[in-house]
Each structure stands twice: as structure tokens, then as C-alpha cells.
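Take a look at the structure below.
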Amino acid sequence: MSANPHHPHTLSTLDFQGASSAAAANAMRTELNRLISQVKDENERKLFQNEMGNFFMLFNRFLAEKSKGTKINWDKVKSPPEDQVVPYDSIPKVESSPHLNKLAVLKLNGGLGTTMGCVGPKSAIEVRDGMTFLDLSVRQIEYLNKAKNVNVPFILMNSFNTDDETKRIVQKYATHNIEILTFNQSRYPRVNKDSLLPTPRNPNGDIADWYPPGHGDLFDSLNNSGLLDQLIADGKEYVFVSNVDNLGATVDEGILNHMVESDAEFLMEVTDKTRADIKGGTLIDYEGQIRLLEIAQVPSEHVEDFKSIKKFKIFNTNNLWVNLKAIKRVVEDRELKLEVIVNNKTTASGEKVIQLETAVGAGIKHFHNAHGVNVPRSRFLPVKSTSDLFLVTSDLYSLIHGELSINPKRMFNTVPLVKLGDHFKKVNGFMSRFKNSPHILELDHLTVTGDVTFGADVVLKGTVIIVANAGSHIDIPSGSILENKVVSGNLHILDH
């Protein structure tokens with residue numbers, strides 16, 4: 001592949017600081033060209049070359065940042081000015097938005113359910129009343145389309161890890177009143193940490209040599225797939241993006257109206273930080289520009305400062321509203337320079353590799369009139385662990401048209417703090433330990449560790465701590481009411 005300054009996707013030499021960066025870039029380019037040359041089918045080769053071109057640009061940004069040796073100038077990090085984060089309560093509530101037909105809804109569906117002990121896409125985990133994350137999302141959009149007589153398409157950004165299985169699953173919605181579109185995010189080569197060369201030796205080899213490069217890849221992938229052009233041609237102007245495991249990310253027509261009226265090309269929903277969210281990315285003002293700051297970008301000596309709730313009061317929910325034509329502009333004009341997140345991994349064979357990733361929220365700095373909206377916590381209900389699953393399956397929430405809402409009988413606005421130990425980590429283990437979901441309307445804090453099982457209709461109130469030491473078993477009997485209790489030791493109650 002020859003260097004051609006007029007073609008954005010050729011792996012042309014860029015201007016470098018330092019000979020080692022230039023040498024690393026040249027070596028990488030040679031290896032990528034070798035991979036590209038192995039793809040026989042012309043159309044496939046074109047797509048693969050495109051993808052490797054985007055990867056090469058990311059790699060070059062990584063080298064440039066590495067050679068500068070600076071992460072971020074901490075003295076320039078300021079809290080965003082008040083007009084950059086709009087309070088949700090100041091946005092007029094509306095029954096219906098005239099812009100709904102111009103909206104598409106996109107879920108980030110690249111992740112596997114491995115942390116919760118499940119095989120396949122995380123979106124296929126059952127979360128409530130026998131329904132999966134996908135079922136709930138489809139039900140919400142289907143109800144919206146029917147109730148408002150609109151056609152809001154539902155889009156899934158899959159990764160090569162989730163694509164086949166997801167396409168199989170979505171077939172069951174064929175008769176539903178919903179248009180489901182899928183596209184794949186990029187597949188980038190892992191890089192050996194020492195040699196800075198790609199680990200794959202051929203384009204279709206071991207799947208473990210490749211990785212999906214984080215959700216910041218959305219902009220390029222949406223464009224490369226042809227879907228961006230299709231949506232714009234269909235009269236769609238806005239896309240609402242969220243993580244597939246965030247059960248609070250529902251279409252809010254007030255926010256959509258606010259986006260149109262404020263002429264914003266990008267809105268990020270943020271919410272107030274609690275102790276549980278100290279690692280979440282936050283909005284900052286950096287040299288007069290609004291930016292997303294992730295913990296991975298923070299110099300180690302300032303990490304505690306970053307976690308402080310006093311200085312950084314909000315964090316990014318990853319519910320984003322973006323103008324489709326603006327995405328087209330920033331991608332076509334090659335304006336996107338998302339901060340590189342270096343993810344260190346060790347392969348099964350013990351090789352140390354790096355994955356270069358980006359975050360979709362980091363795009364905020366590239367869009368006109370971009371700002372944050374400080375939304376209530378109810379719009380951020382992620383299920384990252386079985387402790388989260390414990391909450392969303394409980395009587396704390398009710399389910400209407402696929403939408404979870406907090407039970408009006410709950411006296412406090414806050415959600416209980418729940419910490420379940422290793423015996424509960426995997427979904428199957430978790431399910432087998434409860435006859436049914438305990439009643440937790442008056443619960444503040446629950447910690448359970450060790451071999452503990454719960455009977456039916458257990459009521460938990462206040463602060464409850466249950467600890468079964470190694471070799472012990474605790475069985476909480478059906479109908480028990482535990483209020484501000486610590487339970488430890490051995491407890492077996494057998495039905496007579």
C-alpha cells in the first residue's frame with residue numbers, strides 16, 4: 001500500500017517526535033500491510049484495509065502521546081462551568097416530542113456476560129420476569145412506536161464476540177412492530193507490549209489475537225457499515241446511545257426536545273457521584289473546552305483527587321444523544337481524536353499485550369454546543385454484577401412496558417447498597433441461593449458472604465450483614481424478617 005496523502009485510509013507516514021516512534025510506526029505499517037495482502041477477496045480486503053487504516057491512526061496517536069510522556073496537565077483540570085451542565089429539572093417535561101420520528105436508538109452490545117459467569121452476549125442474560133436485557137429494550141421501543149405512532153429503529157452495535165449469537169436471538173422479534181438493525185464494531189489486532197508489533201500472523205487466525213476497541217469506535221463503525229448514510233437517508237437526525245446493561249436508559253422526549261432547541265450536536269447524561277461511582281469518567285473543563293476525563297487518563301499521583309466527590313461531583317452514565325449529520329462530518333473530516341486508553345492484558349500463553357481503546361463519550365469535544373445534562377439516578381441502572389441483579393429483580397422496582405421504575409412505596413430516593421460474596425458471583429449460583437427475591441423496600445445495606453441460602457418471602461430492613469465462615473452454612477428460613485441484624489456462624493433449619 002503506497003503512501004497517498006489524499007486517501008485518508010492509506011497507512012502513510014506521519015510526522016513523528018523521535019526516531020523510535022517513527023521506527024515503531026514503520027514496523028507496524030509493514031506488518032499491517034502484510035496482513036492486508038493475505039486477504040484474497042477484493043471487497044473483504046477493502047474493508048479490512050479500511051479497518052487497519054483506522055487502527056494505524058490510533059496506533060500513531062498512542063505513539064505520539066507516549067513520546068510526549070504527558071498524560072494530562074492536572075493544574076488545567078477544572079470543574080465544568082455551570083452552563084455546561086444543565087439540570088434535568090430545568091428541562092420542560094413533555095408528553096410527546098414532535099422530533100421522535102427523527103430519532104434512532106442504539107445500544108452498545110459488544111460485551112460478553114463472562115464476569116457474571118454466563119456464556120454469550122451479556123444482553124442475553126435474564127434480568128427480570130424471564131426477560132433479558134434485549135427483551136426489555138425491544139419491548140420499550142415497540143411500545144413507544146405503537147403508543148406514539150412513530151418508527152424509531154432499534155440498533156445494536158455488536159462486536160465479533162457477540163454478533164453471531166445476537167443475530168440468532170433477534171430473529172424472534174421478526175413479527176414485532178420494530179425495525180432492528182445491527183452492525184459490527186471494528187476488530188483490531190492486539191499489540192505485543194515489548195515489540196509494539198501486532199500479535200496476529202494472519203487476518204483470520206486465532207480470535208484471541210484480536211479485540212473490539214471500546215465503544216469510541218462507534219463513530220467510525222457506524223459510518224463504515226453504511227448504516228449512518230442509511231439512517232440519514234431515512235430522515236433520521238438524532239441517535240440515543242446507551243449501554244445495553246443500563247436498564248434506566250429509556251427514551252426521554254424532554255431531553256430530545258432540549259437537544260433540538262439548544263442546537264446541541266452532542267448531549268451527555270451525567271448524574272451525581274456516590275461512593276459507588278468513584279471510578280466513573282467525569283466531565284471537566286480543560287483549557288476552556290468541555291472534555292470527558294476517564295480514570296485511565298489520570299496521573300497516578302492524582303487518582304485520589306479524581307475519586308473525590310467534592311471536586312468531581314458528577315460522572316458519565318454513557319447515555320448520549322448525538323446528531324447523525326454531525327457524526328458524518330467529524331468522521332469524514334477526520335476530526336476525531338479520541339483519547340487513547342491503553343488496556344494491558346496477558347494472554348493465555350503469558351504474552352504481555354496491549355489493547356488500544358477509546359470511549360464514545362470522549363467525542364464530546366468534537367461537537368458543537370455539546371454539554372451535559374444532570375439527570376436523576378433512575379436513568380442509570382446498570383447491571384454489572386449479581387449484586388445489581390439482586391436489586392433489579394426485587395420489589396424495589398416495578399416493570400411496565402419493559403421499563404423499570406422505582407416502587408412508590410420506597411420511602412427514600414436512594415438505592416440500597418448491596419454486596420454479595422463469591423458464592424453469589426455467577427448468575428447460576430446467585431439464582432440457586434434464593435427461593436424467591438427477598439422484600440427489600442426498607443433495606444439500606446446488605447452484605448452477604450459465605451455459603452448462605454434464603455427461603456421464600458424473606459424481608460430485609462435497615463442494615464443486614466450475614467456472614468457464614470468457611471465450612472459453615474447459613475439458611476435463612478422462609479418468612480424471616482431481619483431488621484438491623486448481624487447473622488453469623490451456622491444455621492440449619494429443617495422442615496419437620
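Here is a yes/no grid of residues against (1) touching a Ser or Thr at 6+ places or on another chain (Cβ under 8 Å); (2) in a helix (DSSP H, G or I):
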position	(1), (2)
Gly216	yes, yes
Gly248	yes, no
Val251	no, no
Gly254	yes, yes
Met259	no, yes
Asp263	no, no
Ala276	no, yes
Checklist entry - Which residues, taken from region 230-242, are farther than 16 Å from Ile180 by Cα, open to solvent by 30 Å² or more (accessible area, probe 1.4 Å) and either modelled with pLDDT under 95 or not hydrophobic (A, V, I, L, M, F, W, C) (or both)? => result Gly235, Glu237
Item to check | Test: Thr175 is touching a strand residue (DSSP E or B) at 6+ places or on another chain (Cβ under 9 Å) and polar (S, T, N, Q) | outcome: no
Checklist entry - From the set of residues in region 24-69 that are outside any helix (DSSP H, G or I) and more than 15 Å from Arg201 (Cα to Cα), which is most open to solvent (accessible area, probe 1.4 Å)? => result Lys40
Checklist entry - Looking at (1) modelled with pLDDT under 90; (2) within 22 Å of Leu108 (Cα to Cα); (3) not charged (D, E, K, R), can you tell me which one Val415 breaks? => result (2)
Next on the checklist: Would you confirm whether or not region 224-235 contains a residue that is touching a residue at least 24 places away in the same chain (Cβ under 8 Å), of a type in the set (Gly, Ala, Ser) and in a loop (DSSP other than H, G, I, E, B)?
Outcome noted: yes
Checklist outcome for this item: Looking across region 182-209 at residues that are among the hydrophobic types (A, V, I, L, M, F, W, C) and either touching a Ser or Thr at 6+ places or on another chain (Cβ under 7 Å) or modelled with pLDDT of 95 or more (or both), the single one that is surrounded by the most Cβ atoms within 10 Å (Cβ to Cβ) is Val191
Item to check | The listed residue being free of Cβ contacts under 8 Å to residues at least 12 places away in the same chain and either farther than 18 Å from Gly120 by Cα or in a loop (DSSP other than H, G, I, E, B) (or both), out of Arg168, Arg139, Arg201 | outcome: Arg201
Item to check | Tally of residues being surrounded by fewer than 19 Cβ atoms within 10 Å (Cβ to Cβ), touching a residue at least 60 places away in the same chain (Cβ under 8 Å) and of a type outside the set (A, V, I, L, M) across region 381-410 | outcome: 5
Checklist entry - Looking at (1) surrounded by fewer than 16 Cβ atoms within 10 Å (Cβ to Cβ); (2) under 26 Å from Tyr188 (Cβ atoms), which is the one condition that is false for Ala147? => result (2)
Checklist outcome for this item: Quick count over region 254-275, residues being touching a residue at least 12 places away in the same chain (Cβ under 8 Å) and open to solvent by 20 Å² or more (accessible area, probe 1.4 Å), is 8
Checklist entry - For region 154-181, which residues satisfy the criterion of being under 23 Å from Leu108 (Cβ atoms), touching an Asp or Glu at 6+ places or on another chain (Cβ under 6 Å) and open to solvent by 50 Å² or more (accessible area, probe 1.4 Å)? => result His176
Checklist entry - Within region 446-494, can you find the residues that are more than 17 Å from Asp422 (Cα to Cα), exposed (fewer than 14 other Cβ atoms within 10 Å of the Cβ) and not hydrophobic (A, V, I, L, M, F, W, C)? => result Gly479, Glu483, Asn484, Gly489, Asn490, His492
Item to check | Failed item, numbered, when Asp245 is tested on (1) among the acidic types (Asp, Glu); (2) surrounded by 20 or more Cβ atoms within 10 Å (Cβ to Cβ); (3) modelled with pLDDT of 95 or more | outcome: (3)
Next on the checklist: For the structure I just gave you, tell me whether Lys419 is more than 28 Å from Gln140 (Cβ to Cβ), open to solvent by 50 Å² or more (accessible area, probe 1.4 Å), in contact (Cβ under 8 Å) with a residue 24 or more places away in the chain and within 26 Å of the chain's Cα centre (by Cα).
Outcome noted: yes
Checklist outcome for this item: Taking region 276-298 and keeping residues in contact (Cβ under 8 Å) with a residue 60 or more places away in the chain and open to solvent by 20 Å² or more (accessible area, probe 1.4 Å) leaves Ala276, Asp285, Tyr286, Glu287, Gln289, Arg291, Glu294, Gln297
Checklist entry - Any idea which residue in region 308-331 is farthest from Ala249 (Cα to Cα), counting only those that are surrounded by fewer than 18 Cβ atoms within 10 Å (Cβ to Cβ) and in contact with a helix residue (DSSP H, G or I) (Cβ under 8 Å, 6 or more places away or on another chain)? => result Lys311
Checklist outcome for this item: In the set Glu335, Glu357, the lone residue that is of a type in the set (D, E, K, R), surrounded by 20 or more Cβ atoms within 10 Å (Cβ to Cβ) and closer than 26 Å to His371 by Cα is Glu357
Checklist entry - Say we look at region 51-81 and pick out the residues that are acidic (Asp, Glu) and within 30 Å of Phe160 (Cα to Cα); which of these is modelled with the lowest pLDDT? => result Glu65
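The values are calculated or read from the model by the stated rules, or taken from the named source; none is laboratory data. The structure presented is a predicted model; accordingly, all values stated were derived computationally and were not measured. Counting neighbours? That spans all protein chains shown, and the Cβs are built from the backbone with ideal geometry, glycine included. Quick note on the areas: whole protein, heavy atoms, side chains included, nothing else; ligands and nucleic acids left out. Shrake-Rupley method; radii C 1.70, N 1.55, O 1.52, S 1.80 Å.
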